[in-house]
Amino acid sequence: MKILGSSRGRVACVLAVVVTFQVQAQTPAVAPVATLKPAVEADTMFKRWDKNSDSTLSVAEFGAGWQEIQNARTLRNLHDNFVAKDTDGNGSLGPVEYLKLELIEKAGASAPPISKFDTDKSNTLDFKEYLGLVGALVKPAP
C-alpha cells in the first residue's frame, strides 16, 4: 500500500482513519460503529479512496476521501444539534422547538414558517427535513 509516496502521507491516512473511528463511535444513529479490526478498516478505507485501483492515493483521491470524513463529521454535528433541540425526545422538532432554533431566532421576523420545510405536512421536522432547513438557511463560507 503506497500513500502519496511518503511516510507523511501514511500518517495523514492514519489520521483520517482515526477521525473516521471517532465520527462513527460518537454517532451510532448516523454512522455505525466499525466492527472490523483497525488494520482491516484502514485497508477497506484505502481501497474505497483509491478510485483507480492503482494502490496509490493521489492528492485528488486523498482530498476526496478527506472531504468524505469532513462531511460525516458535519452530519454528526448536525444530528447532535437536532437531538439537543428535540427537547421532548420524540425524534422530531415541533413548532415550539422550531422557534427556539438558533437559525430561526437569528432570522427573527423574516424566519420562514415551519411549513416551508415540513415536507410530510406533520407540523414537525424530522432529521431529513431539518437538514433541508439548514441547507436553505446557512450561507456557505466564502
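For the reader, a short list of remarks on this structure follows.
- Virtual spin-label span in nm between Ala107 and Val40, 7 Å along Cα→Cβ: 4.6
- In nm, spacing of pseudo-spin labels at Lys51 and Ala64 (7 Å Cα→C-beta vector): 0.2
- Spatially proximal lysines relative to Lys139 (Cα-Cα < 17 Å; intrachain offsets below 8 disregarded): Lys106
Any read-out appearing in this document is the output of simple, stated calculations on the displayed coordinates, not a laboratory observation. All of these numbers come straight from a predicted model, not from anything done at the bench. Heads up, the Cβs are rebuilt from the backbone with ideal geometry, glycines too, and the neighbour counts pull from every protein chain shown.
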